[in-house]
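A short worksheet on the structure shown next.
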Amino acid sequence: MKIAISGTHCVGKTTTIEALAAALKAQGFRVEVVKESARECPFPINEAAGPGTQMWLACYQLAKEIEAAQRKPDFVLCDRALPDIFAYYLYLLESAPMKEFALKSGEYSMLEGIVSRWIFTYDRIFYVRAENIPLVADGVRSMSQEFRDFVDSRMAEFYGDRPNCKPLAGATSERVQAILQAIQGLPSRSLRVPAFERPVQA
């Protein structure tokens with residue numbers, strides 16, 4: 001089963017993932033954690049991101065999720081979902097030169113296509129809104145409230161009423177409890193990669 005914690009920066013995704021992983025391991029489950037990729041990115045991130053940044057992040061995220069699934073754990077826990085990367089990308093398209101590049105190069109259509117298909121490989125995406133959660137400086141995350149609010153609103157719009165996407169709130173322990181309750185009895189479909197399956201030959 002593949003579960004992602006989604007949301008903009010500074011909303012407690014990593015803390016939640018770590019607590020959830022510990023809770024599942026305590027029950028005897030085998031768990032793989034896919035860590036956030038932004039801190040490993042060789043290109044500028046946040047508002048300074050340019051051509052190629054979000055595509056690199058998306059491809060790296062995909063590779064790590066596939067590798068984690070191939071080890072056949074009971075749970076793959078993702079610190080971010082692929083739509084997160086697309087939401088940050090939409091902020092960059094507010095810049096006219098970046099938008100022109102994205103459309104002419106085909107980067108926008110490629111990234112949108114990957115995200116719109118890949119979202120169905122998650123059994124559940126739990127997304128955390130940034131409302132009333134303060135920004136915390138760590139030398140990597142952007143401290144622009146306007147930037148975070150933009151990304152947060154785009155994520156909420158993207159997830160909307162999708163059946164495999166659920167809002168998540170509260171303290172870490174409350175979040176973990178809500179996730180554990182939500183996934184009980186949920187059939188898993190994520191330890192396969194439908195985007196790359198080949199049709200069976202007659």
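If packing is taken as the average count of other Cβ atoms within 10 Å, what order do 97-103, 31-37, 3-9 fall into, highest mean first?
Working: 97-103: 14.6, 31-37: 18.9, 3-9: 26.4.
Ranking, from highest mean packing down: 3-9, 31-37, 97-103.
Match the structure shown to one of the listed values (1) 1, 7, 15, 20, 21, 19, 12, 4, 1, 0; (2) 1, 7, 16, 20, 21, 16, 11, 6, 2, 1, 0, 0; (3) 1, 7, 12, 13, 12, 11, 10, 9, 7, 5, 4, 3, 2, 1, 1, 0, 0 of P(r) over Cα pairs in 5 Å bins from 0, in percent, computed from it, and give that label.
(2)
Within 10 Å, count the other beta carbons around each residue, average over each peptide in 170-179, 134-143, and list them highest first.
Numbers: 170-179: 15.8, 134-143: 11.7.
Those peptides, ordered most packed to least, come out 170-179, 134-143.
Could you list the trypsin sites (Lys or Arg not before Pro) in the range 57-95 that lie in coil according to DSSP, counting only those with at most 14 other Cβ atoms within 10 Å of their Cβ?
Numbers: sites: K64, R71, R80; in loops: R71, R80.
Listed in order of number, the matching sites are R71.
Computed from the coordinates by the stated procedures, all read-outs in this text should not be read as laboratory data. Please read all numbers here as calculations on a predicted model, not as lab measurements. Counting neighbours? That spans all protein chains shown, and the Cβs are built from the backbone with ideal geometry, glycine included.
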